[in-house]
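Asker: The following block contains the structure, expressed as C-alpha cells.
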Amino acid sequence: MANKAYRYGIMGGTFDPIHYGHLVAAEAARSKFNLDKVIFVPSGRPPHKSSTEITSPEHRYLMTVLATITNKYFEVSRLELDRSGYSYAIDTVRQFHQHYGADIELFFITGIDAIMEILTWKQVDELISECQFIAATRPGYGDQDVTKILPEKITKKILSISVPALAISSTDIRNRIISNEPIKYLLPEQVEDYIYKHKIYHTAPY
Ligand code: NAP
C-alpha cells in the first residue's frame, strides 16, 4: 500500500483524570512513529463502564484541554462527547477518515490493558482494517503477552511503546485524592488546580 501523506494518532482514553503517563505516551508515540499530530479523544460514554462510575464528560474534556495546551502537536476532539450513544472506536475511526479524507493513516493509541480486550470491541475486523494500534505498555508488561492472547491478524496491526511514566495511573490519582494524599508531580499543575477547584474525586462515585 502506498504511503499516505499524513499520519495522525488518535489517543483514546477515559482520561479520568489525564496524567503525565498519558502525555508521555502520546509524545513517545508521536516521535517514534513519525506522527504529524496526536488527537486526544476523551471517551464520551465508554461501553464497558457505567456512567455513574466516571466523571462528567465536560470535566474530563476540559482537563484534557488544559493538559495538552502547551504541545503544538497535540489537539483534543469532542467527537465522542458530542456523539450520542456508546463510544465505539470503530465509529470514531470512521468519522476521522470521513473528516480528513483518504490521504490519512490513522494510529489508535491506547493502553495495553485496553487493547488486550479488543476482541470484545464492536466490529473488530473492520476496525483493524481501518487503522493501526499503538499499545502503550506499563512497566512490567512485555510484548509477548499480546501475542499469546490475541490472534495474529490483530497482533500484526499492533505497534508498541514502553512508557515508564505509565507507572502513574488515573485510579491511583483518584484514590490519593479520597485519602488526602498528594497528587503533585503526577499530572500537570493546571489539571491539579482544576480538580481541587471543582472538588472532583473527593467522594466516590464521582
Ligand atoms: P480503561 O479500561 O479505563 O483503561 C485500561 C488501561 O489502559 C488502564 O490501565 C488505563 O490507565 C490505560 N489507558 C487508557 N487509555 C490510555 C492511553 N490513551 N494511553 C495510555 N494508557 C491508557 O480504558 P479506557 O480509557 O476506558 O479505554 C481506552 C480506549 O479504548 C478508549 O478510547 C475507549 O473508547 C476504547 N475502547 C473501545 C471499545 C469499543 O470500541 N467497543 C471498548 C473498550 C475501550 P489510566 O486509568 O491511567 O488511564
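The values are calculated or read from the model by the stated rules, or taken from the named source; none is laboratory data. Since this is a predicted model, take the numbers as computed values, not measurements. Neighbour counts run over all protein chains shown; Cβ positions are idealised from the backbone, glycine included.
Asker: Could you check how many residues of segment 152-161 are touching a residue at least 12 places away in the same chain (Cβ under 8 Å) and either surrounded by 14 or more Cβ atoms within 10 Å (Cβ to Cβ) or within 15 Å of the ligand (Cβ to nearest atom) (or both)?
Answerer: 6
Asker: Which count do you get for residues in segment 28-73 that are under 19 Å from C131 (Cα atoms) and either among the hydrophobic types (A, V, I, L, M, F, W, C) or more than 10 Å from the ligand (Cβ to nearest atom) (or both)?
Answerer: Kept after step one, since they are under 19 Å from C131 (Cα atoms), are these residues of segment 28-73: 28-43.
Right, trim to either among the hydrophobic types (A, V, I, L, M, F, W, C) or more than 10 Å from the ligand (Cβ to nearest atom) (or both) and you get 28-41.
Selection size over segment 28-73: 14.
Asker: Right, here's the next one. For segment 20-33, does any single residue satisfy the condition of being of a type in the set (K, R) and closer than 16 Å to R94 by Cα? Walk me through how you get there before you give the answer.
Answerer: Initially, segment 20-33 is screened for residues of a type in the set (K, R), giving 30, 32.
Keeping just the survivors that are closer than 16 Å to R94 by Cα gives none.
Looking through segment 20-33, none of the residues is of a type in the set (K, R) and closer than 16 Å to R94 by Cα.
Asker: Could I ask something else about it? Which of the residues spanning segment 162-183 are crowded, with 19+ Cβ neighbours inside 10 Å, within 27 Å of S31 (Cβ to Cβ) and either hydrophobic (A, V, I, L, M, F, W, C) or free of Cβ contacts under 8 Å to residues at least 24 places away in the same chain (or both)?
Answerer: We begin by selecting, within segment 162-183, every residue crowded, with 19+ Cβ neighbours inside 10 Å; these are 163, 166, 168, 170, 173-174, 177, 183.
Checking which are within 27 Å of S31 (Cβ to Cβ) leaves us with 163, 166, 168, 170, 173, 183.
Selection gives V163, L166, I168, I173, I183.
Asker: Across segment 184-200, what is the total count of residues that are surrounded by fewer than 20 Cβ atoms within 10 Å (Cβ to Cβ) and either part of a strand (DSSP E or B) or within 14 Å of the ligand (Cβ to nearest atom) (or both)?
Answerer: Total meeting the criteria: 1.
Asker: Taking the conditions exactly as written (charged (D, E, K, R), under 26 Å from I54 (Cβ atoms), free of Cβ contacts under 8 Å to residues at least 40 places away in the same chain and near the ligand (Cβ under 10 Å from one of its atoms)), does D91 satisfy them or not? Talk me through it step by step, then tell me what you get.
Answerer: Values: charged (D, E, K, R): yes; under 26 Å from I54 (Cβ atoms): yes; free of Cβ contacts under 8 Å to residues at least 40 places away in the same chain: yes; near the ligand (Cβ under 10 Å from one of its atoms): yes.
For D91, the condition - charged (D, E, K, R), under 26 Å from I54 (Cβ atoms), free of Cβ contacts under 8 Å to residues at least 40 places away in the same chain and near the ligand (Cβ under 10 Å from one of its atoms) - is met.
Asker: Answer yes or no: is there a residue in segment 115-135 that is within 12 Å of the ligand (Cβ to nearest atom), touching a His at 6+ places or on another chain (Cβ under 6 Å) and farther than 23 Å from R78 by Cβ.
Answerer: Within segment 115-135, not a single residue is within 12 Å of the ligand (Cβ to nearest atom), touching a His at 6+ places or on another chain (Cβ under 6 Å) and farther than 23 Å from R78 by Cβ.
Asker: Here is a further query. What's the total number of residues in segment 33-78 that are out of contact with any helix residue (DSSP H, G or I) (no Cβ under 6 Å at 6 or more places or on another chain), assigned to a helix (DSSP H, G or I) and surrounded by fewer than 21 Cβ atoms within 10 Å (Cβ to Cβ)? Write out each step before concluding.
Answerer: The first filter runs over segment 33-78 and keeps only residues out of contact with any helix residue (DSSP H, G or I) (no Cβ under 6 Å at 6 or more places or on another chain), leaving 33-37, 39, 45-56, 58-60, 62, 64-65, 68-72, 75, 77-78.
If we keep only those that are assigned to a helix (DSSP H, G or I) too, we end up with 51-53, 58-60, 62, 64-65, 68.
Okay, now just the ones that are also surrounded by fewer than 21 Cβ atoms within 10 Å (Cβ to Cβ), so 51-53, 58-59, 62, 65.
Residues flagged as out of contact with any helix residue (DSSP H, G or I) (no Cβ under 6 Å at 6 or more places or on another chain), assigned to a helix (DSSP H, G or I) and surrounded by fewer than 21 Cβ atoms within 10 Å (Cβ to Cβ) within segment 33-78 amount to 7.
Asker: For segment 100-111, does any single residue satisfy the condition of being modelled with pLDDT under 95, more than 29 Å from S50 (Cβ to Cβ) and either within 15 Å of the ligand (Cβ to nearest atom) or part of a helix (DSSP H, G or I) (or both)?
Answerer: Yes, there is a match, as at least one residue in segment 100-111 is modelled with pLDDT under 95, more than 29 Å from S50 (Cβ to Cβ) and either within 15 Å of the ligand (Cβ to nearest atom) or part of a helix (DSSP H, G or I) (or both).
Asker: So, one more: Does segment 79-88 hold any residues that are in a helix (DSSP H, G or I) and within 12 Å of the ligand (Cβ to nearest atom), and which are they?
Answerer: Residues of segment 79-88 that are in a helix (DSSP H, G or I), as a first pass: 79-82.
If the condition is that a residue be in a helix (DSSP H, G or I) and within 12 Å of the ligand (Cβ to nearest atom), then L79, E80, L81 are the ones that fit.
Asker: From (1) within 11 Å of the ligand (Cβ to nearest atom); (2) over 20 Å from N175 (Cβ atoms); (3) in a loop (DSSP other than H, G, I, E, B), pick out the condition that doesn't hold for G12.
Answerer: If we test G12 against (1) within 11 Å of the ligand (Cβ to nearest atom); (2) over 20 Å from N175 (Cβ atoms); (3) in a loop (DSSP other than H, G, I, E, B), just (3) comes out false.
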